[in-house]
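Enquirer: The structure that follows is given in the form of structure tokens.
The values are calculated or read from the model by the stated rules, or taken from the named source; none is laboratory data. The structure displayed is predicted, hence computed values, not measured ones. Glycine also receives a Cβ, built like all others from the backbone with ideal geometry; neighbour counts cover every protein chain displayed.
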Amino acid sequence: MSRGDDIVVPERLRASWLRSERYGVSIDAVEPVFAGTDAPETLFHRCGTEVLVDLQRTMESEPVGMMLTDADGVVLSRVSGDHSLLRALDAVHLAPGFGYSEREVGTNGLGLALADLAPTMVRADQHYSQSLSGFTCAAAPVVDPASGRLEGAVNLTTWSATSSNLLLTLARSAASTISGSMLARGSGRHARPPSRRNLFRIEHSVGGVDLGREWTDAVDAACTAMSAGEVVTAVGESSTGRATLLTHAARRAFPGHRILSASAPDLADVQAWLELWTFEAGRADTVVVLRDVDTLPTFAAEQLRSLLFPPRGNAMPVAMTAETYQDVPNALTDAANSVVSLSPLGNRPDDVILLARHLADTIRGRTVTFSSSAEHALRSYDWPHNAAELTRVITRAVNRSDVVDTHVLPAEVLAGPRGRLSTIEAFEHGEIVRVLSSGKLTMQQVAHHLGMSRATLYRKIAFYKIDVKRL
């Protein structure tokens, strides 16, 4: 074997190199198999995607590609905020739909983690193929905690020159969170939100996208109030962008400050959460954004009031989010002297499209095309779960296709503002929209394709309030 004969390497790596040579993998370049981008709708995929999207939000400025794979090493989804890294990963086909098992591309973090069923980091020249030497990959297998079956893996990849041992810790943590979420959901309990890992986070930069008039006016109002020393409360439904709005305003009002974004904890973690404020309260160089204060228990709100709003005066700017102002704990309402509101995302159709495009470009690392039919469907849907739901829909869509069209959108989105269609109705509506938007077909041809008469087709179009002109 020509690899590593004069280098001291861990036994697992050497064994993997020997297997890679036996498999006939090329040392010079990787040529993984493309298995298709139609990821299965499984509990593992749903939980895993949510965890990675959440992790990516906290590491938006870091050059890390985050991937979820199946048990065969096929990449199901990939997210990253670093476009140059995404382009480099595309060049070696570490992208949705491609298989990165050890048998296909030789020694790599993902393949070895699946082969040995153990968390693994492979750095630079430790890869079998020299085309991967510019990367460091850390991966951890994910096992279904109920059945013990291997479901897939979490893989984190970065440049080899900037890699850290923390990468393997993050991969292990993400895999553990996915397993815990699967166990909770599979047993009928509500899963602990993945964002629980991020009760405290520093917002190093404020990226994003310029949104519509309502958003702009709310940011302006919050910025003006913060600059005047007021405590701003952003109110609205969960996942409408309340905390992001406050972060944008804080960055404008206090450009030299650090921004500490803190989410309300679960009851079991309240005491530990309060202890963390001992190190943060009173810092004059910090803006605090308190998320979801309406979920704080009374005793925690009272302690927080004494920490952040002492009798001698507050040295640090503070802002808060809640669903309504009436839901803010009494201990904090006196301090909250300015309120801005955001309406649900379904009431801001222009913002839906702007956010969808931003999400798609971020996930794919390039400009993603949206068909007019898809944009119409996205605008028309009421988005009951706001941006969290939009993120799931767009992530799924761009991992299935390079063009977002109606065929990669779920039936409930295609159902539009009616929203409460039955499962059969939602499927029927989606099929009609897909066929109508698939090409220049006559109504007779569309009806024939759908297996109904033209008169029935017209009745269905009227019933579902489908705007044919916009398809």
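Enquirer: Between Ser147, Ser181, which is closer than 17 Å to Leu117 by Cβ and at pLDDT below 90?
Expert: Among Ser147, Ser181, only Ser147 is closer than 17 Å to Leu117 by Cβ and at pLDDT below 90.
Enquirer: Here's a follow-up. Among the residues of the range 65-90, which ones are aliphatic (A, V, I, L, M), within 19 Å of Leu112 (Cβ to Cβ) and either within 11 Å of the chain's Cα centre (by Cα) or in a strand (DSSP E or B) (or both)?
Expert: Residues satisfying the conditions are Met66, Met67, Leu68, Val74, Val75, Leu76.
Enquirer: If only one of Pro63, Pro119 is touching a residue at least 24 places away in the same chain (Cβ under 8 Å) and touching a Ser or Thr at 6+ places or on another chain (Cβ under 7 Å), which one is it?
Expert: Of the residues listed, the single one that is touching a residue at least 24 places away in the same chain (Cβ under 8 Å) and touching a Ser or Thr at 6+ places or on another chain (Cβ under 7 Å) is Pro63.
Enquirer: Also, quick follow-up: State all residues of the range 403-426 that are surrounded by fewer than 18 Cβ atoms within 10 Å (Cβ to Cβ) and modelled with pLDDT of 85 or more; if no residue qualifies, say none.
Expert: Result: Val403, Pro410.
Enquirer: Arg192 fails exactly one of the following numbered conditions: (1) modelled with pLDDT under 90; (2) in a loop (DSSP other than H, G, I, E, B); (3) under 26 Å from Met316 (Cβ atoms); (4) in contact with a helix residue (DSSP H, G or I) (Cβ under 9 Å, 6 or more places away or on another chain). What is the number of that condition?
Expert: (3)
Enquirer: Here is a follow-up. If I go through the range 91-119 residue by residue, how many of them are in contact with a helix residue (DSSP H, G or I) (Cβ under 7 Å, 6 or more places away or on another chain) and assigned to a helix (DSSP H, G or I)?
Expert: The total comes to 7.
Enquirer: Mind checking which residues of the range 371-385 are more than 23 Å from the chain's Cα centre (by Cα) and either more than 13 Å from Val433 (Cα to Cα) or surrounded by fewer than 17 Cβ atoms within 10 Å (Cβ to Cβ) (or both)?
Expert: Ser372
Enquirer: Considering the range 272-290 alone, what residues qualify as being surrounded by 13 or more Cβ atoms within 10 Å (Cβ to Cβ) and touching a helix residue (DSSP H, G or I) at 6+ places or on another chain (Cβ under 9 Å)?
Expert: Within the range 272-290, Trp273, Leu274, Trp277, Glu280, Ala281, Gly282, Val287, Val288, Val289, Leu290 qualify.
Enquirer: Which residues, counting only those in the range 268-303, are modelled with pLDDT of 90 or more and among the basic types (Lys, Arg)?
Expert: Within the range 268-303, just Arg291 meets the criteria.
Enquirer: Taking Arg366 as the residue in question, decide whether it is assigned to a helix (DSSP H, G or I), surrounded by fewer than 22 Cβ atoms within 10 Å (Cβ to Cβ) and not β-branched (Val, Ile, Thr).
Expert: no
Enquirer: All but one of (1) surrounded by fewer than 14 Cβ atoms within 10 Å (Cβ to Cβ); (2) at positive phi hold for Ala228; state the number of the condition that does not hold.
Expert: That leaves (2) as the condition not met.
Enquirer: Let me ask something additional. Across the range 306-326, which residue is surrounded by the most Cβ atoms within 10 Å (Cβ to Cβ) among those that are within 32 Å of the chain's Cα centre (by Cα) and without any contact (Cβ under 8 Å) to a residue 60 or more places away in the chain?
Expert: Leu308
Enquirer: Against the definition (among the aliphatic types (A, V, I, L, M) and in contact with a Pro (Cβ under 9 Å, 6 or more places away or on another chain)), how does Val318 come out, yes or no?
Expert: Spelling it out, it is not the case that Val318 is among the aliphatic types (A, V, I, L, M) and in contact with a Pro (Cβ under 9 Å, 6 or more places away or on another chain).
Enquirer: Further question: Give me a count of the residues in the range 162-175 that are touching a residue at least 12 places away in the same chain (Cβ under 8 Å) and surrounded by fewer than 18 Cβ atoms within 10 Å (Cβ to Cβ).
Expert: Of the residues in that region, 4 qualify.
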